[in-house]
Amino acid sequence: MPDDTQDAVGDLGETTRKQLTSRRGFLAGSAAVGAVGLTGAGISVVGADDHNDDSSDSGSGDDGSGNMEDDTTDLDILNYALTLEHLEATFYAKGLEDFSDDELMHADLGCDICDEQRAKIPEQVKVVGEHEAAHVDQITKVIEQLGGEPVEQAEYDFGYETPAQFLKVAKALENTGVAAYAGAAPSIKNEKILAAAVSIHSVEARHAASFNALNGVSPYPNAFDEAKTMEEVTEIAGQFIVQ
């Protein structure tokens, strides 16, 4: 990695590191979920070889009003993203441990789902979980390659007791991620990170659409996706993180 890029991203400051490792300091982990270069061949370090000197912070953070502070870098946002990806990946892995395929297929969803669609639920949960786990692995690698310290996995309480509740939480998490992308994308300064974030945003939207359908909600409820601020994302997703 060129020296100018290393100097630009640097190591996370002590204050930022405490925020990222705090179990309650989630601060909108889904603000830029997956803001990392994903290609068919694997991972690419966005901006490592093409640094823009005019935006040496390589990003920005939230000042509480939906706007980003200049002293928060795209590296910080990647760590916020990793916080949410840890949560999501753990959520799906735990759900597959807690419920059998038969239990997921026969979840009391309160809506009419054909047998053919029900039969696909276990595989759907598995595939989406694999996507989130891949995001964890690759975002972690990018943070390390950019000289940062990846935030660690937290402890979680997802609050579900039945397969139906599990699938409703999945819907909430995925829709929150989509809305968070919409809110954060305009604040990402590095063009390559922005492009990668948008590409993963579309995948997260497909996740949301599929879980909407399972829960009797339209997969495409509006012509435009609503953006959420970091405070709104924190209120939804932060509740699952245990101190």
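The values are calculated or read from the model by the stated rules, or taken from the named source; none is laboratory data. Computed from a prediction, not measured in an experiment: that's the story for all the values here. Quick reminder, even Gly has a Cβ in these numbers, built from the backbone with ideal geometry, and neighbours come from all protein chains shown. Only protein heavy atoms, including side chains, enter the accessible area calculation; ligands, DNA and RNA are left aside. Shrake-Rupley method; radii C 1.70, N 1.55, O 1.52, S 1.80 Å.
Mind checking which helices (runs of 4 or more DSSP H) fall wholly inside the stretch 93-179 and carry at least 1 residues that are in contact with a Ser or Thr (Cβ under 8 Å, 6 or more places away or on another chain)?
Values: elements: 101-105, 115-119, 121-145.
Filter on the stretch 93-179 gives 121-145.
Could you please let me know if residue 123 is at pLDDT 95 or above, on the phi < 0 side of the Ramachandran plot and of a type in the set (D, E, K, R)?
Working: at pLDDT 95 or above: yes; on the phi < 0 side of the Ramachandran plot: yes; of a type in the set (D, E, K, R): yes.
Yes: the conditions hold for residue 123.
Taking each residue of the stretch 188-205 that is closer than 21 Å to residue 174 by Cβ and looking for partners that are open to solvent by 10 Å² or more (accessible area, probe 1.4 Å) and of a type in the set (Asp, Glu) with beta-carbon atoms closer than 7 Å, six or more apart or interchain, yields nothing. Residues that are crowded, with 19+ Cβ neighbours inside 10 Å and either farther than 25 Å from residue 192 by Cα or in contact (Cβ under 8 Å) with a residue 60 or more places away in the chain (or both) within the stretch 139-156 comprise 139, 142, 143, 146, 148, 150, 151, 154, listed in sequence order.
Inside the stretch 204-235, can you point out the residues that are assigned to a helix (DSSP H, G or I) and within 30 Å of residue 114 (Cβ to Cβ)?
If we filter the stretch 204-235 for residues that are assigned to a helix (DSSP H, G or I), which is where we start, we get 204-214, 230-235.
204, 205, 206, 207, 208, 209, 210, 211, 212, 213, 214, listed by residue number.
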